[in-house]
Every structure is written in C-alpha cells, then in structure tokens.
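Chemist: Just dropping this structure here.
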Amino acid sequence: MGTDTNRRTRIADEIRAELARRHMSQASLSAITGITKNTLRSRLQGVRPFNLDEVDRICYVLDMPMVELISRSDDQ
C-alpha cells in the first residue's frame, strides 16, 4: 500500500472512530454535511480519498479542528 492510500485509510478510520465515540451514524453525518451516502461510504471505506471541502464540513459538524483529525490519523 502506498503512502497516500495509508493516509486515506487512517483518516477514514479516525472519522469512523469519532462517529462511534459520538454515537453518530453515517446517515446522520451524510444528511448534515450534504455529502451523499454513497460518497461518504466510499470515503469511509478508503475506496476514494476525501477532498478538503468534505473533511472541512465533517470537522465542522464534529466540532473538531481539521489539524486535530489529521494529527490523530498520523498517530495511528
């Protein structure tokens, strides 16, 4: 696996973990952020990378600075 794929997977893992900590469903996150369910699912499965706008919207909803999300994913 390449570095980009590893980072993509770690970011997706951290978002899924944060959703679990908050007892928030992927469907709820999709509805609030406006990211379609199919797009969000493919991002969270690591199939396709999140774009910056998507990560920004997710961090806003989760009330988490983007730098914290990235830092947590780098610590994995």
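Every number in this text was worked out from the coordinates using simple rules, so none of it is lab data. Computed from a predicted structure; not experimentally measured. No Cβ is skipped: glycine too gets one built from the backbone with ideal geometry, and neighbour counts run over all protein chains shown.
Chemist: Of all residues being over 20 Å from Arg72 (Cα atoms) and among the basic types (Lys, Arg) in the stretch 17-41, which is nearest to the chain's Cα centre (by Cα)? Just the residue, please.
Modeler: Out of the qualifying residues, it is Arg41.
Chemist: At least 3 residues that are among the aromatic types (Phe, Trp, Tyr) and in contact (Cβ under 8 Å) with a residue 40 or more places away in the chain in each: list the helices (runs of 4 or more DSSP H) lying fully within the chain that qualify. I'd like the intermediate steps shown before the answer.
Modeler: Details: elements: 3-21, 26-33, 37-44, 52-61, 66-75.
Once the helices (runs of 4 or more DSSP H) in the chain are filtered for at least 3 residues that are among the aromatic types (Phe, Trp, Tyr) and in contact (Cβ under 8 Å) with a residue 40 or more places away in the chain, nothing remains.
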